[in-house]
1. Name the helices (runs of 4 or more DSSP H) wholly inside segment B:1-84 in which the number of residues that are within 17 Å of B:PRO280 (Cα to Cα) and open to solvent by less than 20 Å² (accessible area, probe 1.4 Å) is 3 or more.
2. B:THR391 - would you say it is in contact (Cβ under 8 Å) with a residue 24 or more places away in the chain and not in a loop (DSSP other than H, G, I, E, B)?
3. Does any residue in segment B:348-375 that is open to solvent by 40 Å² or more (accessible area, probe 1.4 Å) come within less than 9 Å, Cβ to Cβ, of a residue that is of a type in the set (A, V, I, L, M) and at pLDDT 90 or above six or more places away or on a different chain, and which pairs are these?
4. Among the residues that make up segment B:305-313, is at least one of them touching a residue at least 40 places away in the same chain (Cβ under 8 Å), open to solvent by 10 Å² or more (accessible area, probe 1.4 Å), away from chain A (no Cβ under 13 Å) and aromatic (Phe, Trp, Tyr)?
5. Conditions first: (1) open to solvent by 10 Å² or more (accessible area, probe 1.4 Å); (2) touching a strand residue (DSSP E or B) at 6+ places or on another chain (Cβ under 9 Å); (3) modelled with pLDDT of 95 or more. A:GLU265 passes all but one, so which condition is the exception?
Number of protein chains: 2
Amino acid sequence: MISYELDNTRSEPLYVQIYEKIKCDIELGEIKSGEKLPSKRAFAAQLGISVITVENAYNQLVCEGYIRSVPKKGYFARTIEKSAHKPVTKELPIDTQTDENSVTENELFPFTVWAKLMREELSGNQRKLLTKPPFEGVYELRSAIAEHLKRFRNISVTPDQIIIGAGTEYLYMLINLLFGNNYIFGVEEPGYSKIADIYANYNIKCEHIPMSDDGVDMDYLKSIKTDIVHISPSHHFPTGVITSIGKRYALLEWAVQSPDRYIIEDDYDSEFRLSGKPVPSLFSIDVMDKVIYMNTFSKSLSSTIRISYMILPATLLEKFRKKLGFYSCPVSTFEQYTLARFIDEGYFEKHINRMRVHYKKCRNHLFEQMKKFDIFKNAEISGENAGLHCTVKFDTVLSDNKLLEEITNLGFKASLIKKYYHKKNQPDYHTLIFFY
Amino acid sequence: MISYELDNTRSEPLYVQIYEKIKCDIELGEIKSGEKLPSKRAFAAQLGISVITVENAYNQLVCEGYIRSVPKKGYFARTIEKSAHKPVTKELPIDTQTDENSVTENELFPFTVWAKLMREELSGNQRKLLTKPPFEGVYELRSAIAEHLKRFRNISVTPDQIIIGAGTEYLYMLINLLFGNNYIFGVEEPGYSKIADIYANYNIKCEHIPMSDDGVDMDYLKSIKTDIVHISPSHHFPTGVITSIGKRYALLEWAVQSPDRYIIEDDYDSEFRLSGKPVPSLFSIDVMDKVIYMNTFSKSLSSTIRISYMILPATLLEKFRKKLGFYSCPVSTFEQYTLARFIDEGYFEKHINRMRVHYKKCRNHLFEQMKKFDIFKNAEISGENAGLHCTVKFDTVLSDNKLLEEITNLGFKASLIKKYYHKKNQPDYHTLIFFY
């Protein structure tokens, strides 16, 4: 049985220490693939700590794909297909937030603070606000984003690599312009249909790659010709799947096979994890310049603030400058400076934390409601630790349409997972998505 | 000899009355193509008005292509190739401004007013600011633009036809998405190279259509396969040519020959006319839904405010909604509401007037400076009544490079017209562009 010495004097919570030790052992092969981990209860008793602490550590390891949970059997180490690229030597972000997960709502947007900052900016340096920024956007904002990413996503980038856009659709346009439309893109199936629709508008050929329970199906991906995969490893919509660490390395390994291959990491709701530590980004473990990272403030702040950004690896940055350096940054300087201060002065972090608490409440309330009805008996909930939705697979003989009708009649807001498949005529999955 | 009765009690200035009467007579054929108009002096004496008044009327008619001026010979009526589409029955905008023409500078931007309005908006209806607008943009802004266009450009549109974008580059992207890249675009030669560069980025085939002295060369346009022409009829860059009314009808006639043909009217500096009344827009005389009108506030207000718009004819609007209706408006609501009030409350008009005065001063100062140097003797200045630049053709044997060097040494800021040709190896035009 594995045994660890824990240090009560360290600043990290105990669950983080356990998580890190097990992760390290799995990476070093001390814990073999398929090996059963001690039960939560036994492990807690052995270490003299609470069951909750072990559970938090195990959940984080499950999230990141180091171990898997088999109902009624326990936890087992997974196979880590570690490529030669880079060991996970970086420290995980020291973030003791355990309450996370969600999407912005009007009443939660810190309007007063935003208005105050904007007013102050408007009373400040006029020349600064009326100076046209470079194509990448205002330096102060890029710098604030870089600092934020370092602290909260363990992503080390220079402001030079960051490009500000007016919403993710604008970034997709830049991606299209950067690569041209001879590249074949891969998107997730099921997935957020808007992404595929936008690529289709550009006459980009899109492959729809099925999701497995730990990320996109690598066998399928390898069997087809695809150059650029556009994925959401932190939290897939709609399945809620978090791409496992093994799958992340496998994706990077796939990408280095050809100079034309790239991965777009769409991290759109990574701020909204409701339990556990954030999963390391693909970008942060990529050392071969294969990952384009994307995120947006329209999801985390307000949909009426159209500011998004992407981080380009050095190789693509050069290409971008040559081809698209003559474009103007599409976001007004007023808002860029306001957002820079909003991040720098800690308001963004506070807002995200408040949102997490809010959505966690919404989620827990939803679960309480579910308990009241028989139809949820034996239902399997998944994807509930991140993002603004979870999926529920029902133990039922009802057709999907009938199931949705019953659930709606009970007063729930849900939609069929079927709906998010590109391929039509899907069988009944008996699975619904619930939004908080 | 033509004779008119003028009405001193009408609100329009006398020169507008004369302009309208002559225009009407030319359109009705009362004044035949090629017919010589009375000399300014004789006409003024006959009507009992000042020579300046007649000159203003003639200049406006020259600008709009109804008459032409032959040095040392006088003014002659031009051939109006009037198509069957629509007579110019609309009233011209009642705008007695005679001082116009220019481009925004930081110190001229009414920052205090802008900041005041934005502060007020931020203190106002929070729910409104946090409500996601439709894909076309905030209704209030589209409504303010429609009202402005009606008053100052004689363009009648409903807010529904207006689509707000984040800068013209964003609009070009929408145009590309709307049409796909199987259409062949025509751009002006010489011209603003950014337009062609952007289309090239989309793999759109571009034809470069030579400019004649009254707009694009129609014979050339008809001799090649082109679907969509992207032009600036109000004031061409860099030649300063204003497309004549005859050429405008010829362009519309060309467009109706095929359902695939459209005209993009890029009206980017129409606000900045330094003399005379604004020329009617192509959009306002199009009754066959063939013109897409575009303009931007980044030129007229500040380059750091990224708000532009286009007006789609009804037929394209339907196509746009179907294909691109799921895109989000890329401009933040804060700025859209601020701009709406800025226009509605008359600040935009005031700003434009102030800019015109400023640029007229700059222009006149430039002309004064030119008079001091021999090299400008016999030089022909053109395009000086609109926009932020004029062209000067020198009477010289100097090579273009040598000419530019001499002019630069004299302390002028200028560039060679040659530079704006897509086709390289141009001969020496002995022509420079001067920016105010």
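The values are calculated or read from the model by the stated rules, or taken from the named source; none is laboratory data. Here the structure is a predicted model, which is why all the values come from computation and not from measurement. Note: ideal-geometry Cβ built from the backbone for every residue, glycine included; neighbour counts use all protein chains shown. Side chains included, ligands, DNA and RNA excluded: accessible areas come from the protein's heavy atoms. Shrake-Rupley method; radii C 1.70, N 1.55, O 1.52, S 1.80 Å.
1. Because the criterion is at least 3 residues that are within 17 Å of B:PRO280 (Cα to Cα) and open to solvent by less than 20 Å² (accessible area, probe 1.4 Å), the helices (runs of 4 or more DSSP H) in segment B:1-84 that meet it are B:14-28, B:51-63.
2. Yes: the conditions hold for B:THR391.
3. If the second residue must be of a type in the set (A, V, I, L, M) and at pLDDT 90 or above, the pairs left are B:GLU349/B:ILE343; B:LYS350/B:VAL113; B:PHE367/B:ILE381; B:GLN369/B:LEU410; B:LYS372/B:LEU410; B:PHE373/B:ILE407; B:PHE373/B:LEU410.
4. The answer is no; no qualifying residue exists.
5. (1)
Results for (1) of a type in the set (Val, Ile, Thr); (2) under 20 Å from A:LYS277 (Cβ atoms); (3) touching a Cys at 6+ places or on another chain (Cβ under 9 Å), shown as yes or no for each residue.
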{"residue": "A:VAL16", "(1), (2), (3)": "yes, yes, no"}
{"residue": "A:GLU20", "(1), (2), (3)": "no, yes, no"}
{"residue": "A:GLY29", "(1), (2), (3)": "no, no, no"}
{"residue": "A:SER39", "(1), (2), (3)": "no, no, no"}
{"residue": "A:PHE43", "(1), (2), (3)": "no, yes, no"}
{"residue": "A:LEU47", "(1), (2), (3)": "no, yes, no"}
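Let's see how each residue does on (1) within 14 Å of another protein chain (Cβ to nearest Cβ); (2) of a type in the set (Lys, Arg); (3) assigned to a helix (DSSP H, G or I); (4) touching a Gly at 6+ places or on another chain (Cβ under 9 Å):
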{"residue": "B:GLY246", "(1), (2), (3), (4)": "no, no, yes, yes"}
{"residue": "B:LEU252", "(1), (2), (3), (4)": "no, no, yes, no"}
{"residue": "B:LYS277", "(1), (2), (3), (4)": "no, yes, no, no"}
{"residue": "B:ASP289", "(1), (2), (3), (4)": "no, no, no, no"}
{"residue": "B:ILE292", "(1), (2), (3), (4)": "no, no, no, no"}
{"residue": "B:TYR327", "(1), (2), (3), (4)": "yes, no, no, yes"}
{"residue": "B:ILE352", "(1), (2), (3), (4)": "no, no, yes, no"}
{"residue": "B:VAL357", "(1), (2), (3), (4)": "no, no, yes, no"}
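To keep it simple, each residue is scored yes or no on (1) under 12 Å from the mean Cα position of the chain (by Cα); (2) within 14 Å of chain A (Cβ to nearest Cβ); (3) under 30 Å from B:TYR429 (Cα atoms).
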| position | (1), (2), (3) |
| --- | --- |
| B:ILE228 | no, no, yes |
| B:ASP286 | no, no, no |
| B:PHE297 | no, yes, no |
| B:LEU317 | no, no, no |
